[in-house]
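Remarks on the structure that follows.
The values are calculated or read from the model by the stated rules, or taken from the named source; none is laboratory data. Predicted model only: the values in this text are computed from it and were never measured. Cβ sites come from the backbone with ideal geometry, for glycine too, and all protein chains shown count toward neighbours. Each accessible area value is taken on the protein alone, full model and side chains, heavy atoms only, with ligands, DNA and RNA left out. Shrake-Rupley method; radii C 1.70, N 1.55, O 1.52, S 1.80 Å.
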Amino acid sequence: MRVSKTGVALLSAAIALAGIVAGCGDGEGYDPADVVLRGGKVVTMDGQRSIAQAVAVRNGRIAFVGSDADASQRIGAGTKVIELDGRMLMPGFVDAHLHSLAGGRALLLCDLAYVPLTRAELAERLQACLDATPEVGPDTWLEAVNWDRQSTAALDADPTRALLDGLATTRPIAVTSSDFHSVLANSRAFALAGIGAATPDPAGGKFLRDGGGNPSGICEDAAGFQLKGAIPPDSEADQLKQGRSALAALREQGITTFMDAAAGEPHLRVFKALRDAGELSARVNLAINLDPATANSAPADAIAQAKALAAQADAAGPLPAPGVHSRIVKVFLDGVVNAPADTGALLTPYLRNIGTEAAPQWVESTNLGEQYYTPASLQALMLATVDAGLDMHLHATGDRGVRTVLDAVAATRKARPGADFRPAIAHDETVAVADYGRFAALDVMATMSFQWAQRAPYSIGETESHLGAERFARMEPSGSLQLAGARIVHGSDWPIDPFDTFLALKIGVTRAGDPTNPHSAASFAPIFEGPINADPALSRDAVLAAITVNAAHQLRLESQIGSIEVGKFADLIVLERDFLTVPDEELGRNRVLLTMVGGQVVAALDAFAGMVTPQRAAISARARVLSPRGSTGRAIPGNVPGAPHGRGDGHKH
């Protein structure tokens, strides 16, 4: 029997899964492949990190991995042959933490483009968006997204509602920060939301206030959700547009599987409808967002509600054609460590300046950040999650938040020995050195957004000063965590940042941005060039593993996706440039030329463009019929039980 070296260990399983009949040495007996991709550098990401030349696909699965010569035995009269011409072929990217409908919706709104803006520049951009839509009525909300609040605060000062009240409009306005933890609103918006001096801060958030106790304009975390709850909900047609828009962006990035990290009923409805219409171009995995109030007071009820919602996803296991699955719950443990919010939960207080701007004197404040669960309530919630057969994905940015999660996992492992439980901590922006080794010891994944390990307005400057030198030196510790044995996973957190997967991977390797890339802070000013700190970088193999095999593990899909091996789904991408050999500074200057999901080409460029079927081209055309005026409802994040409809944006990160 003749098989490729990389297929030996999995051959028997592949026979059962893919119906492959092994032939004799002359190739007789092989069923012809549907597709053969040959003449390339096939980076398999298997356990041995094998490199091959060709891949054969049959019935949506990988039927062969090996040499061009052996692949030729799989070519029949009906086989489509794709010539790679030496290009790198690898497993499709698995983005393990993003916000799909929020990202798709952000493409339809007033876009502030993550650009550093003074208050005057912010007002100018917003007025331009107002002026661009003169046909809308005076009660139509203007929603703006991708606002870099940290930069505005650093360049000028935090804006108040007075800035928005000075615009030439009577329309209600809500401006969402790029980290989705702050919302700036005008007086009309506060009035429509019924929020005033007597309105208490909600659990898990707060309204910044003036000297008279009135909301000054900025709403943080759950307070932002409350404000935006007054925005009329999107129609189902709007939501389908958002889903199509998101899928178009994902397939062009080479994302073949993703996890939405704060999902609710709208996500299930939208992606199931797109699945039924044959429009899905990525495997959808939904982490059901938990309402902190219910999860704290009645953890078993919160988990039961989440499990009932998740049960509406596809019941059958994954198939070659993409579907919609859900078996993870999402918990927001703290806020963000970025100034001026300073809501990530820290072990020691943030610093404050008691000197002047010219002669600063930084001392400890009384602010330890926000933690939305007590250790006891988190442990109860985690036990309920394990008992329900679900996994948990936890947002924690501060070192105290991370430690609280690790302590809860330790207690859960002790209380439920042998339980099949895969927890992940998202972001891990500051982690105590003493806790590095606990990730591996407790089998906790670290889901990182590599692009944050660059010098940027949200990292250096005020954030650096508020954290202090010792904490800042261990910001974004992906390298330290990996050296301590942690499984590192990548999640873009789109639309928190511009959607640029290769830039993120480049920063994972170099811990620095790219001055030639407009999506990188290094393109704004020289101060943002160079490494963020001296924490170890990741290797190229490590960042590729984080967005393939490790991310597949987080989603319990490691037997189906994440590497190119016989029997796995044919989720494949072709790169313009070889990620393993290009110079470090050019790692972010790459493109995905072909994206294949379950053996079907869903996106293609340049020499491969003709491989997209007319039906798929029509789907892509519908997704690109986007208008900044096309949706006036609010963003769709997670599920907020008890609310008239899910509201707010439920994330950053």
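Table for the structure above
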| quantity | calculated |
| --- | --- |
| Hydrodynamic radius of the stretch 235-375 per Kirkwood, over alpha carbon pairs, in Å | 18.0 |
| The stretch 458-490-the stretch 109-124 distance, computed between alpha-carbon centres (Å) | 28 |
| Accessible area of the chain divided out per residue, in Å², using a probe of 1.4 angstrom | 34 |
| Peptides 387-398, 230-241 ordered by average Cβ neighbours within 10 Å, highest first | 387-398, 230-241 |
| Under-15-angstrom lysine pairs by C-alpha in the chain, whenever the two are 8 or more apart or on separate chains | 4 |
| Whole-percent carbon and sulfur share, accessible surface of the chain, 1.4 Å | 54 |
| Ordering of 78-89, 243-254 by packing [mean C-beta count within 10 Å, highest first] | 243-254, 78-89 |
| Radius, Kirkwood style, for the stretch 544-618 when every pair of distinct Cα atoms is counted (Å) | 13.9 |
| Pairwise label distance in nanometres, Asp584 with Trp362, each label 7 Å out on the Cα-Cβ vector | 2.6 |
| Spin-label pair Ala113/Val81, simplified geometry with 7 Å Cα→Cβ offset, distance in nm | 4.7 |
| Environment charge of Ala522, counting only residues whose C-beta is closer than 12 Å and scoring Lys/Arg +1, Asp/Glu -1 | 0 |
| Relative contact order (%) - the chain, alpha-carbon pairs under 8 angstrom, separation at least six | 18 |
| The chain, Rg to Rh (Cα coordinates; Rh as Kirkwood inverse mean 1/r) | 0.97 |
| Protection proxy ranking of 351-359, 304-312 - average other beta-carbon atoms within 10 Å, highest first | 304-312, 351-359 |
| Extension gain from Asp541 to Ala525, taking 0.36 nm per residue of separation minus the Cα-Cα distance | 2.7 nm |
| Gap separating the Cα centres of the stretch 266-311 and the stretch 568-586, nearest whole Å | 32 |
| Pairwise FRET efficiency - Gln312 versus Ala191, Cβ, R0 = 45 Å, nearest 0.05 | 0.75 |
| The stretch 117-193, relative contact order [Cα under 8 Å, separation at least 6], % | 34 |
| Pairwise label distance in nanometres, Gln48 with Ala237, each label 7 Å out on the Cα-Cβ vector | 5.7 |
